[in-house]
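See structure below.
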Amino acid sequence: MSSEHINLALNIWRQKSADAKGSFEEFKVTVSPDASVLEMLDELNNRLEKEGKDPVAFESDCREGICGTCGLVINGHPHGPLPKTATCQLHMRNFKNGETIYIEPMRAKPFPIIKDLIVDRSAFDKIQQAGAFISFNTGSAPDANAIPISKEAADNSLDAAECIGCGACVAACKNSSAMLFVGAKVSQYALLPQGQPERYERVQEMVVKMDELGFGNCTNTYACEAECPKGISVSNIARLNREFISARFKSNKDVA
Amino acid sequence: MIKLDPKVPEGNLAEKWTNHKFSMKVVNPANKRKYDIIVVGTGLAGASAAATLGELGYKVKAFTYHDSARRAHSIAAQGGINAAKNYQNDADSVFRLFYDTIKGGDFRSREANVYRLAEVSNNIIDQCVAQGVPFAREYGGTLANRSFGGAQVSRTFYARGETGQQLLLGAYSSMNRQVKLGNVEVFPRREFLDLVLVKGRAQGIIVRNLLNGETETYSAQAVILATGGYSNVYFLSTNAMNSNVTAAWRAHKRGATFANPCYTQIHPTCLPVHGEGQSKLVLMSESLRNDGRIWVPKKAKDNRLPNQIPEDERDYYLERKYPAFGNLVPRDVASRNAKYVCDEGRGVGGGRAVYLDFSDAFERIGKDGVKDKYGNLFDIYANITGVDPYEVPMQIYPAPHYTMGGLWVDYNLMSNVPGLFVLGEANFSDHGANRLGASALMQGLSDGYFVIPYTIGNYLSTEKPEKVDPNGTEFKDAQNNVKETVNKLLSLNGKQTVDEIHKRLGHILIDKVGMSRSGKGLKEAIKQIKELREEFWTDTKVVGKAESLNQTLERAGRVADFLELGELMAVDALDRKESCGGHFREEYQTTEGEALRRDDKYTYVAAWEYKKAGNWKLHKEALHFKNVKLATRSYK
């Protein structure tokens, strides 16, 4: 582990509230290359607090890349320049001494800014509440091995279910599309036998909610997959489209 | 006057839960919608409880300080979840899972609770599969299992290294279904700050709306806390940044007794601390100890690089001291011995880290073989440290990881405060003095899906379904109490930041109330924590306002509570003059340096009643073992 500290100029987006006008504020910091971006911000905030100034508001929780709370846009990339890496796992050794770094919130109309680097991603919860579940009451489940599921189906379902709901896909997309996120959710259930009874209603309910909340459509630039910290595949978007079109023919209930 | 009644049902161990389910009163289906239930915390325990209570028809209000219910720290659990399915035909049974859990907890948990946990473990797996949790499968389509520490059977179900995430998303999806159906309302970005008692019963909560700083009041006929553990009292732990003890602690100050606070688990295989700016510690799965060999230089303050230290100048201390189990000794033994060698100055470069070396495994199965088994863990290590573990041995050090202690609950998971139920890591009930791997997820979901839905009905059937006025006197008083604390914190204009005080508290605790404890050290810790608490309330600087988003204020409130809890942990550890599980008292060890349990004097739960800051009264709940024989753990 290296110990030579590096000097950086940070340009951090400051914005008091959703309606206020925001702007970049510059800070000079000296930081250990072993620190993560978020630990660098912790140190900066401790300094600002000592000076009686307003610390930079940002969110994080697990700092292991799984909870999906963090998600800063660093030098134009959601979660920064390293592929398949969440902001909390991005260490300063990936930057050069003397570099200038731009740190912004995720920008998308359905994710309004709350303060500084914090955005409101509750739209994701609303989409999931619309249909991302299997209607099954506790206590009525058959034995877990009663329905065999092929290893391939289970693995593919888990590939989709690994989505951490951070919103990077939306922030990366020029259309603010949430189709990678919704596609991942729809795929997880569509690939499993347990997901079949509500398969076609689910996809319709979720797509309608997604549109209603102002997310855009996919125009196949694949920026979402490139920026996704879990590497969720765009094939989930293709599946979402197939499921949605099939639903128009096969669903017993016309939702959309 | 508090009297702790564990309310363990009569009858044979295996029939207690079945009999109890029948003898409990039920609320009729049409009446359930007249009852409001508050659930604080939306991790495995909270989300599963909220979902199931919603399904039953209760009106549930679920609170979380996260922006979304899906972010709770249950999500970070890697390894898996135990169940006594016996799908491997390897002689597993409910009784075996019960026995392993009781023994793993070093005979300091309640038999009846642990047996019920083992009993419902199978239902949990059924339930999660039905919800669409994509567990690992065999090629034939059946569920796969892996082995975990402390068990001789293969009973752990998993979803890659992301089991916690998948189980949490399952519980969250069930809860979302109830949101859509109108039975559950979720209140995100709300932090619990006080419990409201009306005529001695828990009937409401005060929360801070983290977006605008308003203190809001909510009422119900019962309150459930599922707010997790308190490892962050050490500042550096594997817990998430926001994990805290505030909900449990403020309930404790309203009368709920806090049980066994000194039982904390320090996980041996975590990444070492890199510097003062570090914010948390990262766990590496302990499966690494299957193939990695742990060693330190024989000489103190040896600054040579690992490849320059010849074989005969290395001390493989676990293999030397525990030839039978070697590097696979239980978590507490591995952690304690790492501390000892580092205390002697024999850590890496004289610091606080030991080597976890895979050279032998590279020779035996090749680098590709190691990559197959542990590739993702090696990647995590390289990502965080910037060092390639295929070339240079890993460095590891123990870190606080889980807390077995928590609010005292009876068999029904109700605290000694009527109407206040406590689930998951926040209660003390199932893991005794040490938790086995893959048992935390099991307990959270057992409590939420399969225990509370029954036991809360038994309680509510004695409560009239009359709406509780959230503007009543008790609520106004509690609200004022909260506002007073907030204003007091904001008036602090000293020189130190909240984090600085928190780090100092962490240093005291990890040093004196961590892996190894002594009467002398504990007394010093109590004195130092009292002084630090004084310093906190005079010399901290808390910036910002009450009526807005203020993360500094959030942290300050949590640290204020940690400063009180830290003292109680030391008080409890001082009282327990024996060594058991995660609690090791240096005065009580065998001649060979192993933990010495004192069953004649300490086979009890220590439940502490809050009197005032720095003053508690001890209540003891005697533990009775009728189905297992108390044995001494040996790993030689």
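Read-outs throughout are calculated quantities, based only on the coordinates presented, and are distinct from any laboratory measurement. Quantities reported herein were computed from a predicted structural model and do not represent experimental measurements. Here the Cβ positions follow ideal geometry from the backbone for every residue, glycine too, while neighbour counts run over all protein chains shown.
Counting Lys and Arg as +1 and Asp and Glu as -1, what is the net charge of the other residues whose Cβ lies under 11 Å from the Cβ of B:TYR397? Spell out each step's value before the answer.
Values: positive: B:LYS339, B:ARG352; negative: none.
So the environment of B:TYR397 carries a net charge of +2.
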task = Between A:VAL234, A:VAL29, A:VAL186, find the one with the highest GNM mean-square fluctuation for chain A; connect C-alpha pairs within less than 10 Å.
result = A:VAL29
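Counting only other chains, what is the mean number of Cβ atoms within 10 angstrom of the Cβ of each residue in peptide B:134-146? Display every interim value, and only then the final one.
On the way: counts 16, 5, 4, 11, 4, 3, 4, 10, 5, 5, 2, 0, 0.
So the per-residue partner count for this stretch is 5.
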ask   = In whole Å, how far is the Cα centre of region B:93-129 from that of region A:124-168?
value = 26
Debye intensity ratio I(q)/I(0), log10, region B:483-536, q values 0.25, 0.29 Å⁻¹ (C-alpha model) = -0.95, -1.12
ask   = Just how far, in whole angstrom, is region B:298-333 from region B:416-486 if you go by their alpha carbon centroids?
value = 45
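Relative contact order, percent, of region B:474-622 when contacts are C-alpha pairs under 8 Å separated by at least 6 residues? Write down the numbers at each step before the final one.
Numbers: 187 pairs, mean separation 34.6, N = 149.
In percent, rounded to a whole number, it is 23.
Give me the percent of Cα-Cα pairs in region B:474-622 that sit more than 20 Å apart, rounded to a whole number.
Distances greater than 20 Å cover 57 percent of the Cα pairs.
In which sequence would A:CYS218, B:CYS580 go, from the one with the fewest C-beta neighbours within 10 Å to the one with the most? If you can, show how the numbers build up before the last one.
On the way: A:CYS218 20, B:CYS580 27.
With the sparsest Cβ surroundings first, the list reads A:CYS218, B:CYS580.
Going down the table (B:LYS59/B:LYS199; A:LYS126/A:LYS151; A:LYS16/A:LYS109; A:LYS174/A:LYS209), which pairs top 24 Å between alpha carbons? Display every interim value, and only then the final one.
Numbers: B:LYS59/B:LYS199 22 Å; A:LYS126/A:LYS151 31 Å; A:LYS16/A:LYS109 17 Å; A:LYS174/A:LYS209 20 Å.
Violating the 24 Å Cα-Cα cut-off are A:LYS126/A:LYS151.
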query = Do you know the relative contact order of region A:168-233, to the nearest whole percent, from alpha carbon pairs under 8 angstrom that are 6+ apart?
reply = 52
note = Under a Gaussian network model of chain A whose springs join Cα atoms within less than 10 Å, the largest fluctuation of A:GLU25, A:GLU243, A:GLU225 belongs to A:GLU25
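Two decimals, Cα atoms only, Kirkwood Rh: what is Rg/Rh over chain A?
Details: Rg = 20.6 Å, Rh = 19.8 Å.
Checking Rg against Rh, the ratio lands at 1.04.
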key: Counted charge near B:GLY386, where neighbours are those whose Cβ lies closer than 15 Å (Asp, Glu -1; Lys, Arg +1)   = -4
ask   = So what's the angle, to the nearest 10 degrees on a 0 to 90 scale, between helix B:359-385 and the longest Cα principal axis of chain B?
value = 50
request  = Provide Rg and Dmax in Å for chain B, with only Cα atoms included in the calculation.
outcome  = 23.9, 76
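Could you pull out the pairs from B:LYS488/B:LYS541; B:LYS103/B:LYS321; A:LYS28/A:LYS115; B:LYS321/B:LYS577; B:LYS523/B:LYS577 whose alpha carbons sit more than 18 Å apart here?
On the way: B:LYS488/B:LYS541 11 Å; B:LYS103/B:LYS321 22 Å; A:LYS28/A:LYS115 21 Å; B:LYS321/B:LYS577 25 Å; B:LYS523/B:LYS577 13 Å.
Pairs exceeding 18 Å: B:LYS103/B:LYS321; A:LYS28/A:LYS115; B:LYS321/B:LYS577.
May I ask you to derive the relative contact order of chain B, considering only C-alpha pairs under 8 Å and at least 6 residues apart, and to give it as an integer percent?
Values: 1369 pairs, mean separation 128.8, N = 636.
Here the relative contact order equals 20 percent.
Relative to the Cα centre, what is the charge dipole magnitude of the protein assembly as shown, using +1 at the beta carbon of each Lys and Arg, -1 at the beta carbon of each Asp and Glu, and rounding to the nearest 20 debye?
1440
Using alpha carbons only, what's the Rg to Rh ratio of region B:258-353 with Rh from Kirkwood? Intermediate results must be reported in sequence, preceding the final value.
On the way: Rg = 14.5 Å, Rh = 14.6 Å.
For region B:258-353, the value is 0.99.
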request  = Check cross-link reach from B:LYS483 to the aspartates and glutamates: straight Cα distance under 12 Å, and skip same-chain residues fewer than eight apart.
outcome  = B:ASP194, B:GLU214, B:GLU216, B:GLU547
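Give the value in nm², to one decimal: projected area of the alpha carbon convex hull of the protein assembly as shown, averaged over all directions. Don't skip to the end; give the middle numbers.
On the way: hull surface 138.5 nm².
Result: 34.6 nm².
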Charge context of A:LEU213, other residues only, Cβ under 12 angstrom, K/R +1, D/E -1 = 0
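Given the pairs A:LYS50/B:LYS617; B:LYS280/B:LYS512; B:LYS21/B:LYS85; B:LYS339/B:LYS636, which span a C-alpha to C-alpha distance of over 30 angstrom in this model?
Correct reply: A:LYS50/B:LYS617.
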Zero-based 10 Å bins, Cα pair distances in region B:428-496, whole percents = 14, 21, 21, 31, 13, 1
